[in-house]
Amino acid sequence: MEAAVQRLAIATFLVIGISHIIQPRLWARFFIEIRDRGESGSFILGFIHFPLGVLIVAFHNVWHGAPLVLTLIGYSLVLKSLGYFVFPKRGLKTLSRVSLERSWEFVVAGIFSVALSGLLFFILIRQS
């Protein structure tokens, strides 16, 4: 089960990362539209991050070695979701940074996401 969750995370971070790199302005517009929904927009972000996080927490609860990286990511996604659900105004404050002029930040996030996917892939291969 842990290997399946790792493969799911690898694919998710790779696809989302590539999309961030290729379509940063579209991602910026997406988050601007979510922000324009007000506090319910914060809930939307919570619902976006929660499923992968809770799946990792439930089925990849590994607290030793390199696989610990994915477990920590899972818990951080759950905590991030909790923040958006419990403190929606704080979530909106975070979203206030998003603009088309700063869409290059999505490229940086995409590079990080692709690199994370590569790291998780390396960990998976090393375990096999």
Q) Using a Gaussian network model of the chain with C-alpha springs under 10 Å, which one of S96, S19, S76 is most mobile by mean-square fluctuation? A) S96
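As a check on your grasp of the helix formula, calculate [θ] at 222 nm for the chain: sum -39500 (n - 2.57) over DSSP H runs of n ≥ 4, divide by the residue count, round to the nearest 500.
Numbers: 6 runs with 105 residues, N = 128.
Helix contribution divided over all residues of the chain: -27500 deg cm²/dmol.
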Q.
Please compute the length gained on full extension between S96 and S128, using 0.36 nm multiplied by the number of residues separating them and subtracting their Cα-Cα distance.
A. 7.2 nm
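Counting other C-beta atoms within 10 Å, and keeping those with at most 13, which DSSP coil trypsin sites (Lys or Arg not before Pro) do you find in region 75-115?
Details: sites: K80, K89, R90, K93, R97, R102; in loops: R97.
Within region 75-115, the qualifying trypsin sites (Lys or Arg not before Pro) (loop, at most 13 other Cβ atoms within 10 Å) are R97.
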Q: Give me the accessible area per residue for the chain, probe 1.4 Å, as a whole number in Å².
A: 60 Å²
Q.
At q = 0.13, 0.15, 0.20, 0.30 Å⁻¹, what log₁₀ I(q)/I(0) does region 14-58 have when each alpha carbon counts as one equal point scatterer in the Debye sum?
A. -0.37, -0.49, -0.78, -0.98
Q: Label region 56-128 by shape, choosing from rounded, prolate and oblate, from the square roots a ≥ b ≥ c of the eigenvalues of the Cα gyration tensor; if a/c is under 1.5 it is rounded, and otherwise prolate applies when a/b is larger than b/c, oblate when it is not.
A: oblate
Q. Over the chain, what number does the Rg to Rh ratio reach, with both radii from the alpha-carbon atoms and Rh per Kirkwood?
A. 1.00
Q: Using the charge dipole of region 1-126 (Lys, Arg: +1 at Cβ; Asp, Glu: -1 at Cβ; taken about the Cα centre), state which of Y84, V62, A11 has its Cα farthest towards the positive end.
A: Y84
Q.
In region 78-122, whose amide N lies under 16 Å from the spot 7 Å out along Cα-to-Cβ of I32? List them in ranges.
A. 95-107
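The values are calculated or read from the model by the stated rules, or taken from the named source; none is laboratory data. Computed from a prediction, not measured in an experiment: that's the story for all the values here. Reconstructed Cβ throughout: ideal geometry from the backbone, glycine too, with neighbour counts over all protein chains shown. Side chains included, ligands, DNA and RNA excluded: accessible areas come from the protein's heavy atoms. Shrake-Rupley method; radii C 1.70, N 1.55, O 1.52, S 1.80 Å.
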